[in-house]
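Before any comments, here is the structure.
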Amino acid sequence: MSGWEFWAAAVIGAFLTGLGKGGLPVVGALTVPLMSLAMPAPFAAGLMLPVYIVSDWFGLWAYRREFDRRVLWIACLGMSFGVVLGFSTFALVPEQWINGLIGLVGAGFALNMLIRRNVLSQPKPARLVPGLFWTLIAGFTSFISHTGGPPYQVWTLPLGLKKAVFAGTSTIAFAYVNLLKLPFYWQLGQVSIGSLKTAAMLAPVAILAVFAGVRVVKILPEKLFFQLVIWALLGISVKLIWGALAA
């Protein structure tokens, strides 16, 4: 696939991917919806997965000391089950239905957080069962369309993690799940030699954006950072709902 529309969407998508891997909340989830305006969504998801993986390594380096071990362990376990479920049901469940449901959950959660402003000041423990439930959904939706952020944040936002720890744990968890998705995407034909060549041209844009994202996270005040997380979650959720209704 070629043309200026394709390359414009792909370059912007790569930049958003890098910002997300640099710790900016939910930004990476905009990538596939944006690129689907210029190409089929499954193609966009397959094209961007190698870009996600390459930029993941730079995010891992930036946040190698900033993460919560328990949250990360639960997230990786739940997401592993979610990826396997996504692969097993890939041809059975319409993507837009899944995105619409996740959008409803994410929007409801974000609105609740905005209305009840004291939620973040009363952190909850990282319990195993709720964590496995939400991260399984995150792994599933991440496999379908790289939109694992909303369900993941439904669980992690109320935990009261520090800004850098929140960003680092998210970055490491999704680096793991993206690498896990690669052989499944290859088997489904969503990643090919041709898409890898295109991804290689987009990778430098994503890498530069990783460092830009890390820088922005460092200078943002903690309260503002989490407000941006919530508003970004709401925005993405509304976009998912709108896409499902339009379909």
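General observations
- Positions within the range 221-230 being under 20 Å from Phe15 (Cβ atoms) and surrounded by fewer than 18 Cβ atoms within 10 Å (Cβ to Cβ), in sequence order: Leu228
- All told, Leu120 falls short of being more than 17 Å from the chain's Cα centre (by Cα) and modelled with pLDDT of 85 or more.
- Of all residues in the range 79-96 being assigned to a helix (DSSP H, G or I) and modelled with pLDDT under 75, the one that is nearest to Leu188 (Cα to Cα): Glu95
- Number of positions in the range 153-202 that are within 21 Å of Ala44 (Cβ to Cβ), of a type in the set (Gly, Ala, Ser) and surrounded by fewer than 19 Cβ atoms within 10 Å (Cβ to Cβ): 4
- Taken together, Gly168, Gly149 contain a single residue that is touching a Phe, Trp or Tyr at 6+ places or on another chain (Cβ under 6 Å), under 19 Å from Leu77 (Cβ atoms) and of a type outside the set (A, V, I, L, M), which is Gly168.
- Against the numbered list (1) in contact (Cβ under 8 Å) with a residue 12 or more places away in the chain; (2) in a helix (DSSP H, G or I), Val129 comes up short only at (1).
- Within the range 77-115, tally of residues that are under 17 Å from Val129 (Cα atoms), crowded, with 17+ Cβ neighbours inside 10 Å and not small (Gly, Ala, Ser): 1
- Put simply, of Ser88, Ser145 the only residue that is of a type in the set (Gly, Ala, Ser) and farther than 24 Å from Lys21 by Cβ is Ser88.
- If the condition is being surrounded by 15 or more Cβ atoms within 10 Å (Cβ to Cβ) and either more than 19 Å from Gly148 (Cα to Cα) or more than 17 Å from the chain's Cα centre (by Cα) (or both), then the range 57-66 contributes Phe58, Ala62, Tyr63, Glu66.
Residues are listed down the side, and each one gets a yes or a no for (1) closer than 20 Å to Gly149 by Cβ; (2) touching a residue at least 24 places away in the same chain (Cβ under 8 Å):
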residue	(1), (2)
Ala203	no, yes
Phe211	no, yes
Val216	yes, yes
Leu224	yes, no
Gln227	yes, no
Gly243	yes, yes
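The values are calculated or read from the model by the stated rules, or taken from the named source; none is laboratory data. Keep in mind the model is a prediction, meaning the values are calculated, not measured. Positions of Cβ are backbone-derived with ideal geometry, glycine not excepted, and every protein chain shown enters the neighbour counts.
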